[in-house]
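S.K.: Pasting in a structure now, in structure tokens, and then I'll have a few things to ask.
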Amino acid sequence: MQRALVTGGGGFLGSNIALELEKNGWDVVVMDRDPLGLKENLPGFRGTKLLVDVAKEAPWNGKLDAIFHQAAITDPRYPEDDVLWKNNLDSYANVAALAKQTGANFIYASSAGVYGHQDTPMKEGEGETPITHYGESKLEMDRRVPRDLDGIFWVGLRYFNAYGPHESGKGRPASMIWHLANQIKRKEKPRLFEFGEQRRDFIYVKDIVRANLLALQAKPGIYNVGTGVATSFNELVVMLNAILGTAYSPEYFPNPYPADTYQHFTQADLTHAKAGLGYAPQWTLEAGIRDYFTGIGFAS
């Protein structure tokens, strides 16, 4: 039986990856520093759970065939930039060292945050200029991996704006889909930055999980993982109203963040991902939201 390690395995993306790997016959080890996530986000999980902060250590002495490195501070507004940088790069260094020790394939989470204000659709290798320390930490990882893991199979996946089951524990960094739907469920007007024309490439977590599995057979490299479609926040509210059976109009308020630190648009160019990863999205935004909300009792 093949064995995989999933770091951040109690979190949003990591837990979904871990559960799917186990479903596909893998022996799965998860590491996470959050005991609540390990308890709540892995229903029915039969593998090994380790309460570990991989920014400090990644202790494992056994066989590993693959590592899926998802652990990171993902909040672009995290108040301590130096802490975020150190956490994300120390986590990477410790887990990369484990990949070298075991010879495991190394699949890791990068981010659309590396692109900053690049024109859309955003293409790998073109104009990566992060506008947050989170994006900078991910781009630095992208730069280090080819050097640090020479001789090890590796793939980096630049996730766009993910949504889906197990994201509720993320708090502020959870998707706009999650935040707006909860406002509507509380019978509140959905609140948008003026004037709701910001656009995001929203990707359902089930497509992200599938991209991680495809990465095991891909050409080494860095790939965008999105849908290739950008949806405005105004359009998202219309879609949420239709799915939830409501009719709320948005309430607009000034964006409190400086324009040069807020990513107004994201949209993935998937040319490279289709050719090298064999990836194309299977979920439209509407179908993904309906599947997600049915699963958590938001929609029938």
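The values are calculated or read from the model by the stated rules, or taken from the named source; none is laboratory data. Being a predicted model, the structure only gives us computed values, none of them experimental. When we count neighbours, we look across all protein chains shown, and the Cβ atoms used for this are built from the backbone with ideal geometry, even at glycine. These accessible areas exclude ligands, DNA and RNA; they are computed on the full protein's heavy atoms, side chains included. Shrake-Rupley method; radii C 1.70, N 1.55, O 1.52, S 1.80 Å.
S.K.: Are there GluC sites (Glu not before Pro) in the stretch 55-159 that DSSP marks as loop and that have at most 15 other Cβ atoms within 10 Å, and which are they?
M.R.: Numbers: sites: Glu57, Glu80, Glu124, Glu126, Glu128, Glu136, Glu140; in loops: Glu57, Glu80, Glu124, Glu126, Glu128.
Here the GluC sites (Glu not before Pro) that fit, given the DSSP loop and packing criteria, are Glu57, Glu80, Glu126.
S.K.: Keeping all protein chains in the complex and leaving out DNA, RNA and ligands, what accessible area do you get for Met176 with a 1.4 Å probe, in Å² to the nearest 10?
M.R.: 50
S.K.: Can you give the FRET efficiency for Arg143 and Arg172, using 1/(1 + (r/R0)^6), R0 = 22 Å, r = Cβ-Cβ distance, to the nearest 0.05? Please list the in-between numbers first.
M.R.: On the way: r = 28 Å, r/R0 = 1.25.
Working from the Cβ atoms, E equals 0.20.
S.K.: Then there is this: Please report, as a whole percent, how much of the solvent-accessible surface of the chain comes from carbon and sulfur atoms (probe radius 1.4 Å).
M.R.: Working: 6560 of 13150 Å².
Carbon with sulfur: 50 percent of the solvent-accessible area.
S.K.: Mind putting a number on the dipole of the chain about its Cα centre? Charges go on the C-beta only, +1 for Lys and Arg and -1 for Asp and Glu, and I need it in Debye to the nearest 20.
M.R.: Working: 31 positive and 35 negative charges, 159 e Å.
The calculation lands at about 760 debye.
S.K.: Could you state the accessible area per residue of the stretch 177-278 in Å², with a 1.4 Å probe and every protein chain left in place? Working shown, then result.
M.R.: Values: 4570 Å² over 102 residues.
Counting only protein heavy atoms, the per-residue value for the stretch 177-278 is 45 Å².
S.K.: Oh, and also: Using a Gaussian network model of the chain with C-alpha springs under 10 Å, which one of Ala287, Ala259, Ala174 is most mobile by mean-square fluctuation?
M.R.: Most flexible of the set in this elastic network: Ala259.
S.K.: Based on the Cβ-Cβ distance from Ala242 to Tyr262, what FRET efficiency comes out when R0 is 25 Å, to the nearest 0.05?
M.R.: Numbers: r = 28 Å, r/R0 = 1.10.
Rounded to the nearest 0.05, the efficiency is 0.35.
S.K.: To continue, here is another question. Identify the residues of the stretch 200-221 with backbone N under 20 Å of a label point that sits 7 angstrom from the Cα of Glu286 along the Cα-to-Cβ direction, or state none.
M.R.: 200-207
S.K.: With a probe of 1.4 Å, find how much accessible area the stretch 21-153 has per residue, and write the answer as a whole number in Å².
M.R.: Details: 6170 Å² over 133 residues.
Dividing the accessible area of the stretch 21-153 by its residue count gives 46 Å².
S.K.: When all protein chains stay in place, what accessible area (Å², nearest 10, 1.4 Å probe) is found for His179?
M.R.: That residue has around 60 Å² of solvent-accessible surface.
S.K.: Can you pull out the trypsin sites (Lys or Arg not before Pro) in the stretch 1-52 that DSSP calls coil and that have at most 13 other Cβ atoms within 10 Å? Walk me through the intermediate numbers first.
M.R.: Working: sites: Arg3, Lys23, Arg33, Lys39, Arg46, Lys49; in loops: Arg33, Arg46.
When the trypsin sites (Lys or Arg not before Pro) of the stretch 1-52 are filtered for loop state and at most 13 Cβ neighbours within 10 Å, Arg46 remain.
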